[in-house]
Each structure stands twice: as structure tokens, then as C-alpha cells.
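Following: one structure in C-alpha cells, then a few remarks.
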Amino acid sequence: MVDTVETAAGTPDEPQPYAELGLKDDEYARIRAILGRRPTSAELTMYSVMWSEHCSYKSSKVHLRQLAEKVPAEAGEILLAGIGENAGVVDIGQGWAITFKIESHNHPSYVEPYQGAATGVGGIVRDIMSMGARPVAVLDPLRFGPADAPDTRRVLPGVVAGIGGYGNCLGLPNIGGELVFDPSYAGNPLVNALCVGVLRKDRITLAHASGVGNKIILFGAKTGRDGIGGVSVLASATFDDDTVLAGDTVLAGVSVLADGGKRKQKRPSVQVGDPFAEKVLIECCLELFDAGLVVGIQDLGGAGLSCATSELASAGAGGMTVDLDQVHLREASMAPEEILASESQERMCAVVAPERVADFLAACARWDVTARVIGEVTALSPEEARRGGRLVITWRGETIVDVPPRTVAHEGPVYDRPVQRPSTQDALAADDPARLPRPSTPEELRETLLRLVASPNLCDKSWVTEQYDRYVQGNTVLAQPEDAGMVRVEESTGLGVAVATDGNGRYCRLDPYAGAQLALAEAYRNVAATGARPLAVTNCLNFGSPEDPGVMWQFAEAVRGLADGCLVLGTPVTGGNVSFYNSTGETAILPTPVVGVLGVLDDVARRVRHGFQAYDDTDSDTDSDTDSGAAIILLGETRDELGGSEWAWALHGHLGGRPPAVDLARERLLAEVLVDAARERLLASAHDLSDGGLAQALVESCLAGRVGARIGLPAGADPFVWLFSESAGRAVVSIRAGDEQRFIDLCAERALPWARIGTVDPGLGALVVDGALAISLTELRTAWAGTLPALFE
Amino acid sequence: MTAATRARIGVVTFPGSLDDRDAARAVRLAGAEPVPLWHADADLRGVDAVILPGGFSYGDYLRCGAIARFAPVMEPVIASARRGLPVLGICNGFQILCESHLLPGALIRNARRRFVCRDQRLRVENAGTAWTSAYQPGAEIVVPLKNGEGSYVADQHTLDALEGEGRVVVRYLGGNPNGSYRDIAGICDPAGTVVGLMPHPEHAVDPLTGPSEDGLGFVTSVLARLVAA
């Protein structure tokens, strides 16, 4: 028998499986207090999914506030929508705006790599669509356990195939991301996905249900029994054996609710994606937006209809009725709790004026997209408004939900969880990599470089990126392995945007405040290296359990670092995602804030690539150019900074000491020089220095351009430190002879340290560091390109 | 047609087509007028040639191109192609042409069972077709290749016939990316007006967004033919 509001009022002592649904005792008591009675099983389902960590941000909210409070002055000029919306929107000029956001799909991708990763792409794409934008690119930062671990061979190929299988079929170019291996991710890979969308700046749509009498239309795929409880069981709890094997703890709870305990469903909490359905949904939505048929729109992702209806109502006028009998179902026997909790993919919910409903349905029919009016926006009494609105949901003629939607969607529990700096932190910092043996002879340096270049974190990633379509839509100007991905937005003017994502869990483990800023600085630098001016930030904060005070300290420090950093760089945070409960066994993952930076370029024809260029006589100004290759200039300062470095980790398994020093003012100067130099077309190439230091950057620039380089060691420099230190705030550029003086003047104007360290030498066929090492490009390429195919082929 | 009239080249959009806007851009860059054609309309709108673009029509469920082949628009495409209308099938479009039996053989899952996206070197084996006359015979070009099911297969007899009649239009160079028999990247019908290939010439029309401009020749070839006609 269905549990109606009336029944609930009459049976206050009915035991309810709130604990199985992930709710704590006091949370359940609070729901009873809000409603003045026990919740119906449908209401309990809604509260449990919406108050999950994943949906409510209950442990992170108190810290994330800083991101909205420490807002750089620049935000006022460029932010059209910010934190709290489905995705932030940034004004990039010429009437265009960009919306971009990054999210995690970590736990589903471990349980079922292909579908987990695929639906991760699908979910972030719908977030972007719900802002009224056309999705134009995706990037996927990925982190796995050791590259040679057996389980990585299960997870990685599946994740990559899932991202490709879904994204390629949507027609979204994949333009960047990361691939990182570390043992801490062995039982908990990080599968983050960033999507970029383009819209006219006066055409933003928001997830608001306003206008009494407006209709609520559910459109897209049918609602089925997949993904029930995904946000609470998968995303908001640490894995144990049961969840990994069955993933059905919460589903069982929902089924208990639905069936009075008679039947126990065993279905996966991982959703199943249908990219074709999403592709037609994208085209259908864009047609609806173009025709002006939408008042408000919300995607259905985590927590499905529970989330979409309560968020639309809560952010809008507050009053809404929904009739679940109108929902198009995959299985007619679905219970109302299942309909509300289902995370079936490829669905959207729109608010439409009654007189536009016919046009709306016709547009959907043209794309063979099923659409049904399931409810409408209703008027509120002053009393109802004061209580947080009123959302009434009926099923088979009976009222099964009658709640103030604000209490479901926006006024969930908030925890100020205990924060405790781990006692091990000091010992970690004291364990300086200075104690490690360093290479000094040419033979040792040569071997060190070759081993690093071939290490899983620094090697060629094309085994992965070749499985992604980077060309579709015809606007990809830069894609991996360039420093940032870049897409053209406006064909007639060349206006375009660049995006890069970065994160370094090892740096964050050593110092989460500095580590978050280093991730921000790296993504910022990567965008600037392509010639784009960094504008705004999104972030995906991947951490362990918030119930561990040590993890909470890492989280608090990282958020503080990010907020402070964005203030200095003048790049506001526009939105993001928190993923807690990431652990391998008892051990939390390395704290891994992944930062995405968006930049703008007025004309993408001025973009800069990272490969050294063979001399191109069509660009010649003077004959003298033909005699010498471009000058190679190192920007920034190199210090003995190897704490958390790839060298210490890959060659010695060491993680300790201090991460590289952060100087965000210097990062800003460096970016200004790079952006100005690109605008004046002074740069033949530019490449950010990060993991693996100068040596890695030189190798990558040589291999990308298929040309050699001859490098001279500065007087007094320690070749090892100079080649492998990971000091931040550095880039290596190459400049044609005729442009060198102008570029040096640019550096001098800003007092940016620079050093001419060598020349590009197309005839050389090798990377030569005088007095230290000489390695042929063939040998470098063999080492660099062989690693992943050997592991995963 | 006179040179003064702009050639009109239809680009079909099926549900799930992805590279339709890119094909239209290539047509525009070559100086012709792209005409959008809708899968559900059995109407070619009087176009002078048709491009079936890349993508995953109807999700490529069942078999790549198997459902698209029955779309209403394919009725006039197939009938007109048999009467000499130039038709170019790119990637999914090539699969649809095979499913429609306008071209022989089939495209199956890549030998390595993975999607592959790379800049691919090709040799133009037949520069006499409606879509390749702008190239020198034997010309080497670089255009993007991106597919999961691009391995061209046919029986020995068909392969020998294709080779003997010069109907292998483009062939992979520098390594076979997907296991296609005899490194075949594209073929044509006996008249040389219907051409299908897996690589994407429409993504090699501007050095800013592609590896080269080598792909533009496919569209300029058909324009030259239309102007001459």
C-alpha cells in the first residue's frame, strides 16, 4: 500500500529505514520537525538523497563560503552567473559567454569503469546545457592506482573507453585533461570531467521555476530503475566490500520502502548511459532555447527527479505540483520512491509558459524526444512561503509528498566538522629529499632523464588521448598534449577560449594550502602559455572522508589556499564540485584539488604551441634568421626544490619535504609576459614547467616539434637541480632571432627573470645539454612513447 | 550550370550526425553553398551533390549506418546516386553507403578494438573520381582519421575487382590504423561519382583547426566538375 501524507500523519510511530538510506538520527528527527509528522516513504527518499553529502555539501559548505566571499575585483566585470547555479557563466566579449564546470564520477567509475566514466561525461554536459549553452568541449583529468597494478588494467581501459564512447558519440571534442598514477588511487580512481559551453551572453537560462501556472515538462529518456541511490550509496560513503560488490545498500532501502520489505532488488547503483539519446537531447534543447520556449531548466543527474523538482521549486517561486503518473517510465511497475530516486540518464526538466507548451512538445517530437507535462508552478500563501515553499507530489491520485522544497534542496544540514592537522605532518615536512642520492655524472644524468621521461606520470599519453575525438565541431585549435585545450568560439573574428586542468596530490599532501595554490598556478600558467588571458576558475575537490579530522584539515587548508590564490590572480571561482569519501581501504587518497582555469584569446590565430619549430622560411623577416635556430629562453627562477617532485617519487618512491614555493604575484607577471608576447606574435613556442622540471619541458618541446635543441648550462648551476627541480612560476619559450630583443624588453618591463639557455637546432636531431648529456630524439621518443602501450596494449 | 551560379551541396543531418556542420563549413570554404538536408524529408532540395557526414547516426545501434540507410532522405539519395549525382560519404557516411549497397563491402570494428583519432597519411590512388580530381595521382595527403569501426572488409573477389578497376580511391600510408584490408581508406562506385572514405577531409580545410588543408580538394574536385558540366 502506498504511504500517503494522510497515512503518515496517522501512523507517527511507523519505523522507517532512514539509517539504511544514509540519514543520521538527528537528521531524521529534523525532517520530522520540519514536517510536523513522520515523512512518507517518498519524502524520506527525497530528503535522504538531497541531504547526502554529494547533493547537500553539508561538510564542505562552511569552508566553500570563502570562495564566494574572497572575490577578486575582476569578477564584477566578467561573472554573469556564479557559485550556486548549475555552472558559472563568464563574459568573454563580443556578446559571447562561456559556461564551464568540472565534476567527479569517481566511485561509479571504480564499480563499473565504462558506464561510470561515460555517465560522468553525460552528467557534466547536461549541467552545461541547463545554462542554455551549446557544449563545445570536454576535458578529463584522470587518476589511477599504480600503472602496473592489475586492477589499473581493469579500470583504466574501461574508463578511457567510456569517456571516448560517450563523448565521441556526442560530438564533443576532448581537448585536454590529465593522467596521473599513484598508489593512493588504487581502490578509488579519480574520474573528473570538465565541460565547456558557449552561449550568447543575453541568453542564460537558470534552474528557476517561476511564473504561477507555468508547466513543468520532463523530457528525454524514460525513467528506469537504474542508478537508484547513486548519490548516497556511491558518492557519499566510503567503499566497503559490500558496496563494491553489490552497490545496493541504499537501493535496498528504497526497495524496502517501495515494497514493504517483500522484495529485495539487486540492481547496480551505477547508471547506464545512452550517448545517442543525449546527443538528440542536446540538439533538441538548443532548438528550444533558440525558439525562446524555456523559462527555466534543470538537468536530471544525481538524485534525479527529487533533485530537479525540489531545486527548481526552491530556487523559483516555491510552489509546485507534480503528478508522477505523467512520468514516462521504462517499467510500469516502478514504485513512486523509485521514480523519485532514479538516476536514469539523458533527462531534463523545463519550466514552460502554458501557451508555449504545444511548440515545446512539437520541437521535442521533431527530435524524437519524449516530453510530458508532469506538473505546474503554483501560488503560495504567505505562510507557505515562510515555511520554504510547497512542493506537492501525487501518485495514482494520492498525495505522497507535501514538503517545503527549500528544506529539501537548499536548507539541508550543515556540519562544521572537526579539523585537526595530522601529527604526522611535521615529520613529513622534515623528511627532506636532500637526503636522496642525486645523479651527477653525465651518465647518471642521462639515465635519470630517460627513466623520468618513461615514467607513467611523464610519458606520452597518446595511448589514451587517441581514443578521444579532438576534431569534431571543427573549432579545436589546440588539444592535448598542448599546455591547454583551445576552441574557437566565433569564426568570423577568431575569438576563442583556452582551458587547462591541473592538480598535484603529492604537493597537497605535503602542504594542502600551498598545494591547492600550485594546482591553480599551474593551470593558470598553462592557459597563459597558449597565449590566452586567464579569466576564471572551476574546481573539483577530491578528498577522503570528511569524518576524519585530518582529511577535513586538508580540505579546509586547500579551500583556503584556493580562495586566497584566486584573489591574488584575479580569477574568480565560478563553481565546482566536492567529492569526499575517496579512500583506498583505510587510507584516504592524496588530497587532490583539481583546478580548471578558463582563458580568452581575441584571435585564436595567435595561439602558441609547445613544440619547438623547425625554421619556417615563409615567416622570414630577415635572411639572418635562416642561419640560426630560435633562441630558447627560460623564464622565472630555478631553486633547489624537489620536495614532492616526480624525480623523488618515480626514482626513489619518496614523498616528503616542502613543495615548491608559491609566488602568485610572480605567476601573474609571467602570464602577462606570455600573453603580451603571444599577442605581438613573438613566441615561436611556449611551454609551462611543472612535473619533471626543465628537462621534461625541453624533451616535450623537442619531440612535439620534431627538432633538436642545444642547451648551455648557466655558470655555476648544478645540472641536476637545474634540469629536474620543479620550482613554480617558470616557462620555457623559443623566440626567433628578430624578435628576441623585443621579448627581452617585455620581460625587463616587468622585472621578470629570464635567461637565454640555448637554441633550437633542427639539424641536430638530439637534445644536448652541454657538459651534462646528449640524447637523440629517437631514443627520447622510444622511451617516452613506449610506456603506456607496453602496459595496456 | 555556369560558373556564375554557386554550386549547392547538400549535407544530410541524421539524428546522431556529428560532423555535419564541419562538412558544411568545408563546402563554404571551397566556395559553394551548403544546403542542410533533414533525414526525415525525402527531398534533396535540388542540390548538385550530397555529402553524408560523419557521426553516429541513430546511435549506430544494430550496425553502423544500418538504420540510417532506411531514413526517408536516403530514398532520393540512392536513386539520384544511381543516376550520377555525386555523393561523398565520410566515416559514418561511408558506412551508410555500404549499407545502402551503393558501395561494396563493409566496415567493421577496428582491429585493436578501440576508437582511434589521429592525423593520418593517405595516398590518393584514383584522382579521376568526382571527389578527387583536384589531386595529382599518387598525391600524399594528411587528414584526420577518427573512428571505432573503420576496418574495411570485403571478399577477395570484390577486393580484386576494386583494385583492378581502380576503385580504391585513397589508401592508408605509414601504418594501417584499423586493420582495413589492403590498407583501403576509401573506394568509389564504377562511375566514380559515389565515393566513401573513413578519414575526414572536412577536418583538414584550415591549418588552424586541422593538420593541413589537404582535405579541401574533395570539395573543390566536385565543384570543378559541376562548373564544367
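Taking other C-beta atoms within 10 Å as the exposure proxy, A:LEU535, A:LEU669 rank A:LEU669, A:LEU535 from fewest upward.
Nearest 500 deg cm²/dmol is fine: what mean residue ellipticity at 222 nm does chain A get from its DSSP H runs of n ≥ 4 alone, each adding -39,500 (n - 2.57), divided by its residue count?
On the way: 29 runs with 295 residues, N = 793.
After summing the helix terms and dividing by residue count, I get -11000 deg cm²/dmol.
Each part reduced to its alpha carbon centroid, region A:194-216 and region B:23-86 end up 33 Å apart. At most 13 other Cβ atoms within 10 Å and a DSSP loop assignment: could you name the trypsin sites (Lys or Arg not before Pro) in region A:12-75 that fit? Of the trypsin sites (Lys or Arg not before Pro), the ones in loops of region A:12-75 whose Cβ has at most 13 other Cβ atoms within 10 Å are A:LYS24.
Size check on region B:141-229: the Cα extents along the three principal axes, sorted descending, read 39, 34, 19 Å.
Ordered by packing density, taken as the mean number of other Cβ atoms within 10 Å over each peptide's residues, highest first, how do A:391-401, A:695-705 rank? Could the numbers behind the result be given before it?
Values: A:391-401: 20.1, A:695-705: 23.3.
Averaged packing, sorted descending, gives the order A:695-705, A:391-401.
Indicate the gyration tensor shape class of region A:257-397 (rounded, prolate or oblate), computed on the Cα atoms with a ≥ b ≥ c the square roots of the eigenvalues: a/c under 1.5 is rounded; otherwise a/b larger than b/c is prolate and the rest oblate.
Values: a/c = 1.91, a/b = 1.07, b/c = 1.79.
Since a/c reaches 1.5 but b/c is at least a/b, the shape of region A:257-397 is classed as oblate.
The value of relative contact order for chain A, using C-alpha pairs under 8 Å at least six residues apart, is 15 percent.
Taking the Cα centre of region A:57-153 as reference, the dipole from Cβ charges on Lys and Arg (+1) and Asp and Glu (-1) amounts to some 220 debye. Seen from A:VAL594, the other residues with C-beta closer than 13 Å to its C-beta sum to a net charge of -3, counting Lys and Arg as +1 and Asp and Glu as -1. For the protein assembly as shown, the equivalent ellipsoid built from the Cα gyration tensor has semi-axes of 45, 40, 25 Å, listed from largest to smallest.
Kirkwood's formula applied to the C-alpha pairs of region A:473-621 gives a hydrodynamic radius of 16.5 angstrom.
Could you put A:ASP323, B:ASP214, A:ASP25 in order, starting from the residue whose Cβ has the fewest other Cβ atoms within 10 Å? Walk me through the numbers before you get to the answer.
Details: A:ASP323 18, B:ASP214 21, A:ASP25 9.
Going from sparsest to densest Cβ surroundings: A:ASP25, A:ASP323, B:ASP214.
Here region A:551-607 and region A:731-781 have alpha carbon centers that stand 31 Å from each other. With point charges of +1 on the Cβ of Lys and Arg and -1 on the Cβ of Asp and Glu, referenced to the Cα centre of the protein assembly as shown, which listed residue (B:GLY148, A:VAL155, A:VAL608) lies farthest in the positive direction of the dipole? Value computed over the given set: B:GLY148.
The antiparallel fraction among DSSP beta bridges confined to the protein assembly as shown stands at about 75%. For the protein assembly as shown, the residue among A:GLY10, A:VAL760, A:PHE555 whose Cα projects farthest onto the positive side of the dipole built from Cβ charges is A:GLY10. For chain B, what is the calculated [θ] at 222 nm in deg cm²/dmol (nearest 500), taking -39500 (n - 2.57) for each run of four or more DSSP H residues and dividing by its residue count? That calculation yields -6000 deg cm²/dmol at 222 nm.
Give the order of A:SER776, A:SER492 when sorted by the count of other beta carbons within 10 angstrom, beginning with the fewest. Display every interim value, and only then the final one.
Working: A:SER776 14, A:SER492 6.
Final ranking by Cβ density, sparse to dense: A:SER492, A:SER776.
Legend: residue pairs A:LYS201/A:LYS222; A:LYS61/A:LYS215; A:LYS201/A:LYS461; A:LYS24/A:LYS101; A:LYS58/A:LYS461; A:LYS70/A:LYS101, Cα-Cα distance threshold 26 Å; pairs beyond threshold, A:LYS201/A:LYS222; A:LYS61/A:LYS215; A:LYS201/A:LYS461; A:LYS24/A:LYS101; A:LYS58/A:LYS461.
Among residues other than A:ARG126 with Cβ under 9 Å from its Cβ, the summed charge is -3 (Lys and Arg +1, Asp and Glu -1). Placing +1 on each Lys and Arg Cβ and -1 on each Asp and Glu Cβ, with no other charges, gives the protein assembly as shown a dipole about its Cα centre of roughly 1260 debye. When only alpha carbons are used to place a centre, region A:302-330 and region A:90-144 end up 23 Å from one another.
Charge tally around A:ARG609: other residues with Cβ under 12 Å, Lys/Arg +1 each, Asp/Glu -1 each, net -1. Applied to region A:375-392, the Karplus parametrisation 6.51 cos²θ - 1.76 cosθ + 1.60 on θ = phi - 60° returns per-residue 3J(HN,Hα) values of x, 8, 7, 10, 7, 10, 6, x, 5, 5, 4, 5, 6, x, x, 8, 10, 10 Hz, with x for Gly and Pro. Per residue of peptide B:11-22, the mean number of Cβ atoms on other chains within 10 Å of the residue Cβ is 4.
Any read-out appearing in this document is the output of simple, stated calculations on the displayed coordinates, not a laboratory observation. This one's a predicted model, so the numbers in the text were calculated from it and none came from an experiment. A quick note on method: Cβ atoms are made from the backbone with ideal geometry, for glycine too, and the neighbour counts reach across all protein chains shown.
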